[in-house]
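Asker: My questions all concern the structure below.
The values are calculated or read from the model by the stated rules, or taken from the named source; none is laboratory data. This structure is a prediction, so every number in the text was calculated from the model and none was measured. Because the Cβ atoms are built from the backbone with ideal geometry, glycine has one as well, and the counts that use them run over all protein chains shown.
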Protein chains: 2
Amino acid sequence: MQFEITKEFIQKVKQLIVANDSIAVAKIFQEMHPADIADVLDEIEFDEAVFVIRLLDSETTSDILEELEEDTREKVLEELSTKEIAEEIDELETDAAADIIAELPEERIEQVIAQLEDKEHAKDIVDLMRYDEDSAGGLMGKELVAVKENWTVTKTVKEMRKQAQDLDEVYIVYVVNDTGELLGRLSLKSLLTAKTNTLVKDVYISDIHSVKTKDHADDIAQIMQKYDLFVIPVVDELNHLVGNITIDDVVDYIKDEADKDYQMAAGLTDDVEADDTIFELIKGRLPWLILGLFGGLLSVLIMSGFDEALIANKELFFFAPLIAAMAGNVGVQSSAIIVQGLANKIIKGSMWKRLLKEVGISLINGTVLSILVVFFSYQFGLGWLFSITVGFSLIVVIIMAALVGTFVPIILDKKGIDPALATGPFITTSNDIFGIFIFFYLAKVLLGF
Amino acid sequence: MQFEITKEFIQKVKQLIVANDSIAVAKIFQEMHPADIADVLDEIEFDEAVFVIRLLDSETTSDILEELEEDTREKVLEELSTKEIAEEIDELETDAAADIIAELPEERIEQVIAQLEDKEHAKDIVDLMRYDEDSAGGLMGKELVAVKENWTVTKTVKEMRKQAQDLDEVYIVYVVNDTGELLGRLSLKSLLTAKTNTLVKDVYISDIHSVKTKDHADDIAQIMQKYDLFVIPVVDELNHLVGNITIDDVVDYIKDEADKDYQMAAGLTDDVEADDTIFELIKGRLPWLILGLFGGLLSVLIMSGFDEALIANKELFFFAPLIAAMAGNVGVQSSAIIVQGLANKIIKGSMWKRLLKEVGISLINGTVLSILVVFFSYQFGLGWLFSITVGFSLIVVIIMAALVGTFVPIILDKKGIDPALATGPFITTSNDIFGIFIFFYLAKVLLGF
């Protein structure tokens, strides 16, 4: 049942647009879901997209606007007058409306708001715009159905009908008192089964999870996931019901955050995608590579500082990439575990315990790897003393790398910096440098060159 | 409003259990959400958890069972008789019930199913168990409200009341024909606003997304995310409505998949968490480290094969870790972009175009990095010929690394293997080896040693 964009479909649309066949184009898009239309518009040329948008009614185009990728949307909005933008905004739900207005250039924002038809809607949008994007206030919409505790079931159904007219769909009915404080929710089930003169306060469910406007998206995602909620009400400091957050917005947030963490671990800044332009892809990749290059240059300097080893122990240099790679791998593993633990809030217990645990794990892993390296090094004909020196250094390097990988993200997190920054190239590069230095230093001490 | 497990709380619970104070313990847990109780039970000792479970009623304990971590649940189920397990299963919704039964040892499965009280429920559970875990059939539950197109609104409301009795909450009402084929959905809004003698077929919404029992969880997640759905109906090959999937299960799936990809990129097999035992953490980490070690040993052999360079061009060895690190970083970037693109189904266009694009990006990134390396190498006093050789090799290595990083995941994906396997240590290690070989080989040709 999902619409698939095929190359043939895009080709056909493009041909009809070139032929200026408005009727055929309109016919194609009329039956499609706005999210699918947005996908098509993201694929075709910008002036072709504008051609299509001009053919559709404002209810559809506002939904399309909401679904477009941010850069396409920005270009489309530039084409529209403030009046036209206001018309689109009038059709949107408050949360989407606030998000799109916030993307406009400073000077257009006020003009658009001033031209909104529905003043109540405008007030809600302005209200939403003052919240931080990643807070409950920033995620919530104003669209909801609320009934009062003193109403009867009959009155409730009547009022619900009225309130529901402006909504796409009703998933939950909130119960408030006369001052608007959130008391609980009314289940559709009890509404269907209760007698008509029953009072809401006798049948509502008071056990309800809610969040405060300032709560962070991470916490909201966690609560909604844990308690399997589709919708969660948002209250202000005085427990007044001010909006609600639907799970679809939270799903998008979870997905975006996961993508961001993954990209940071892989050394990609910005939100790059395979189909971005070459320029965007370079911008997302080059900075981390330059960081890695400077790390590499530093290790060149370190190794040239130990060049007296070239005489009797030249094989040490053959092992440098191995040591650097192991330091990098161990560091990435440790930091990934911590970053995920921090994200899922399962990093508990004292720092000392964690330190002991990491040292323990590294000692065991290091010993296994060290035995292997000593064995092979000896097989390569490098002698016991040399082989054991490499093995011993490897253990020390692994412990160091694990500690750096563990504590750098913890410290960043405590300082309020995203710990995911510490994974990937950052940890790999610093561990490469530390690893190579420790390796040559210990070799110098042990082999006495 | 979210319950936080504090150290003090755990301490208090443990003390009350030691004191055998059933009344106080029961009082603490009675008011708590099953998901919170499960979190506490995951934290305390196993026999303490059993003590708590024995105090609670079967409706609560079944919900707790569903929320427990798999290993804790397995241990709890071992303590229970098949009769007791059947009682718990009777309380659960079909999808959770089927998942939990599937975790039991082969020989207990049949015994438990035979002892289920509600035979209709048992039939539904058995039906669900035949689907693959990651398919629509495996994710769906049998609990839903369906009404017939020929019913009036009055009859519909009456039937909904009956069907809703077994459900926690009603989010969507499906419309089917007499043979059970899915036709669409009835909005709560139209139910509230339509006249009582209106027929369902005159007010239902026929435009509904659905999935087939065999559809994969990835596709379902994508459809539900794209169209902002909270619930999606599942139909069989003949379009009969057989179940429905709620977004909470899909959110869990999305989160698990993202975690898995992240862990694979970081070189972690198994699902390891920061608070796992040392043994589990080692099991999750050591295999990839051993792979890395063998890669490192291979590069030792490669470099010892070029040891004639030690005479006139010893500085080449100082650059080996830099070359390996750059090859690794570039490879991880390329593969991460492809893995995410494949996951989000945005890898379109021909392989040749992608190849050209990667070569283009690598040429530009490589040129920038190469200029930097030539500059610094010359500053280090290594001469023009040597510096340019390193710079040129770096460009070649970067292009090679980008191509490996791009095409290994694409090829794995085409062969039906999870492309995420190709990120992290696998790509890093193979690129280290290729990189070092290419570097020394080119240096040998260019510098003529």
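Asker: May I ask you to say which residue of A:I53, A:I44, A:I109, A:I37 is closer than 26 Å to A:E8 by Cα and either polar (S, T, N, Q) or without any contact (Cβ under 8 Å) to a residue 24 or more places away in the chain (or both)?
Answerer: Working: A:I44 fails: either polar (S, T, N, Q) or without any contact (Cβ under 8 Å) to a residue 24 or more places away in the chain (or both); A:I109 fails: closer than 26 Å to A:E8 by Cα; A:I37 fails: either polar (S, T, N, Q) or without any contact (Cβ under 8 Å) to a residue 24 or more places away in the chain (or both).
The match here is A:I53.
Asker: Another question about this same structure. With (1) closer than 28 Å to B:V373 by Cα; (2) surrounded by 17 or more Cβ atoms within 10 Å (Cβ to Cβ) as the list, and A:T277 as the residue in question, which single condition is left unmet?
Answerer: (2)
Asker: Moving to a separate point now. Kindly list, by first and then second residue, each pair from a residue in the range A:311-326 that is more than 12 Å from B:A324 (Cα to Cα) to a residue that is in a loop (DSSP other than H, G, I, E, B) and modelled with pLDDT of 90 or more, limited to pairs with Cβ atoms under 6 Å and residues at least 6 apart or on different chains.
Answerer: Pairs that qualify, where the first residue is more than 12 Å from B:A324 (Cα to Cα) and the partner is in a loop (DSSP other than H, G, I, E, B) and modelled with pLDDT of 90 or more, are A:E315/A:L382.
Asker: Test of understanding: among A:I371, A:I395, A:I438, A:I427, which residue is assigned by TED's automatic domain parsing to the domain that holds A:L322, out of contact with any Cys (no Cβ under 9 Å at 6 or more places or on another chain), at pLDDT 95 or above and under 22 Å from A:L293 (Cα atoms)?
Answerer: A:I438
Asker: Also, I was wondering about something else. Being at pLDDT below 90 and under 31 Å from the mean Cα position of the chain (by Cα), is that true of even one residue in the range A:145-152?
Answerer: yes
Asker: When you check B:F317 against the structure, is it of a type in the set (F, W, Y), modelled with pLDDT of 90 or more and crowded, with 24+ Cβ neighbours inside 10 Å, yes or no?
Answerer: The answer is yes for B:F317.
Asker: Further, regarding this structure: Only one of (1) more than 32 Å from the chain's Cα centre (by Cα); (2) more than 30 Å from A:K195 (Cα to Cα); (3) buried (at least 18 other Cβ atoms within 10 Å of the Cβ) fails for B:E117. Which number is that?
Answerer: (3)
Asker: Applying the selection to the range B:265-295, what residues are farther than 24 Å from A:P321 by Cα and either touching a Leu at 6+ places or on another chain (Cβ under 7 Å) or not β-branched (V, I, T) (or both)?
Answerer: B:D270, B:D271, B:V272, B:E273, B:A274, B:D275, B:D276, B:F279, B:E280, B:L281, B:K283
Asker: Could you say whether any residue in the range B:341-351 is farther than 19 Å from A:T428 by Cβ, more than 10 Å from chain A (Cβ to nearest Cβ), out of contact with any Leu (no Cβ under 6 Å at 6 or more places or on another chain) and not hydroxyl-bearing (S, T, Y)?
Answerer: Yes - at least one qualifying residue is present in the range B:341-351.
Table: residues versus (1) facing another protein chain (nearest Cβ under 10 Å); (2) assigned to a loop (DSSP other than H, G, I, E, B); (3) on the phi > 0 side of the Ramachandran plot; (4) in contact with an Asp or Glu (Cβ under 7 Å, 6 or more places away or on another chain).
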{"position": "B:I232", "(1), (2), (3), (4)": "yes, no, no, no"}
{"position": "B:E237", "(1), (2), (3), (4)": "no, yes, no, no"}
{"position": "B:D248", "(1), (2), (3), (4)": "yes, no, no, yes"}
{"position": "B:Y253", "(1), (2), (3), (4)": "no, no, no, no"}
{"position": "B:A258", "(1), (2), (3), (4)": "yes, no, no, no"}
{"position": "B:D275", "(1), (2), (3), (4)": "yes, yes, no, no"}
{"position": "B:F279", "(1), (2), (3), (4)": "yes, no, no, no"}
{"position": "B:G284", "(1), (2), (3), (4)": "yes, no, no, yes"}
{"position": "B:L297", "(1), (2), (3), (4)": "yes, no, no, no"}
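Asker: Here's a follow-up. Which of the following residues is at the interface with chain A (Cβ under 10 Å from one of its Cβ atoms), touching a helix residue (DSSP H, G or I) at 6+ places or on another chain (Cβ under 8 Å) and among the charged types (D, E, K, R): B:D432, B:D413?
Answerer: Among B:D432, B:D413, only B:D432 is at the interface with chain A (Cβ under 10 Å from one of its Cβ atoms), touching a helix residue (DSSP H, G or I) at 6+ places or on another chain (Cβ under 8 Å) and among the charged types (D, E, K, R).
Asker: In the range A:219-230, how many are assigned to a loop (DSSP other than H, G, I, E, B) and touching a residue at least 40 places away in the same chain (Cβ under 8 Å)?
Answerer: 1
Asker: Considering A:V203, A:V170, which residue is modelled with pLDDT of 75 or more, crowded, with 17+ Cβ neighbours inside 10 Å and not hydroxyl-bearing (S, T, Y)?
Answerer: Working: A:V170 fails: modelled with pLDDT of 75 or more.
Sole residue among the options that is modelled with pLDDT of 75 or more, crowded, with 17+ Cβ neighbours inside 10 Å and not hydroxyl-bearing (S, T, Y): A:V203.
Asker: Confirm whether A:G305 is more than 9 Å from chain B (Cβ to nearest Cβ), within 39 Å of the chain's Cα centre (by Cα) and small (G, A, S).
Answerer: When the stated conditions are applied, A:G305 does not pass them.
Asker: Where residues in the range B:89-114 are closer than 22 Å to B:G243 by Cα and not hydrophobic (A, V, I, L, M, F, W, C), which of them is nearest to the chain's Cα centre (by Cα)?
Answerer: Step by step, filter the range B:89-114, then rank; the result is B:D99.
Asker: Within the range A:162-218, which residues are in a helix (DSSP H, G or I), within 12 Å of another protein chain (Cβ to nearest Cβ) and hydrophobic (A, V, I, L, M, F, W, C)?
Answerer: Within the range A:162-218, A:A164, A:L188, A:L191, A:L192 meet the criteria.
Asker: Right, next: On the basis of being assigned to a strand (DSSP E or B), over 22 Å from B:K260 (Cα atoms) and within 12 Å of another protein chain (Cβ to nearest Cβ), does A:V242 make the cut? Please lay out each step first, then the result.
Answerer: Values: assigned to a strand (DSSP E or B): yes; over 22 Å from B:K260 (Cα atoms): yes; within 12 Å of another protein chain (Cβ to nearest Cβ): no.
Criteria not met by A:V242.
Asker: Further, regarding this structure: Identify all residues within the range B:287-296 that are surrounded by 21 or more Cβ atoms within 10 Å (Cβ to Cβ) and in contact with a Phe, Trp or Tyr (Cβ under 9 Å, 6 or more places away or on another chain); write none if there are none.
Answerer: Answer for the range B:287-296, where residues must be surrounded by 21 or more Cβ atoms within 10 Å (Cβ to Cβ) and in contact with a Phe, Trp or Tyr (Cβ under 9 Å, 6 or more places away or on another chain): B:W288, B:L293, B:G296.
Asker: Give the residues of the range A:308-340 that are more than 8 Å from every other protein chain (Cβ to nearest Cβ), polar (S, T, N, Q) and in a helix (DSSP H, G or I), sorted by residue number.
Answerer: A:S334
Asker: Could you pull out the residue among A:L363, A:L372, A:L385 that is farther than 24 Å from A:T428 by Cβ, surrounded by fewer than 18 Cβ atoms within 10 Å (Cβ to Cβ) and of a type outside the set (D, E, K, R)?
Answerer: Numbers: A:L363 fails: farther than 24 Å from A:T428 by Cβ; A:L372 fails: farther than 24 Å from A:T428 by Cβ.
Exactly one of A:L363, A:L372, A:L385 is farther than 24 Å from A:T428 by Cβ, surrounded by fewer than 18 Cβ atoms within 10 Å (Cβ to Cβ) and of a type outside the set (D, E, K, R), namely A:L385.
Asker: Can you work out which of the residues in the range A:1-48 that are closer than 16 Å to A:E67 by Cβ and of a type outside the set (A, V, I, L, M, F, W, C) is surrounded by the fewest Cβ atoms within 10 Å (Cβ to Cβ)?
Answerer: It comes out as A:Q2.
Asker: I'm trying to understand the selection: among the residues of the range B:260-273, which are within 9 Å of chain A (Cβ to nearest Cβ) and either touching a Pro at 6+ places or on another chain (Cβ under 8 Å) or outside any helix (DSSP H, G or I) (or both)?
Answerer: Matches in the range B:260-273: B:A266, B:G267, B:L268, B:V272, B:E273.
Asker: In addition: For the range B:356-396, which residues satisfy the criterion of being more than 10 Å from every other protein chain (Cβ to nearest Cβ), closer than 22 Å to B:I311 by Cα and part of a helix (DSSP H, G or I)?
Answerer: B:V374, B:Y378, B:W384, B:L385, B:F386, B:S387, B:I388, B:T389, B:G391, B:F392, B:S393
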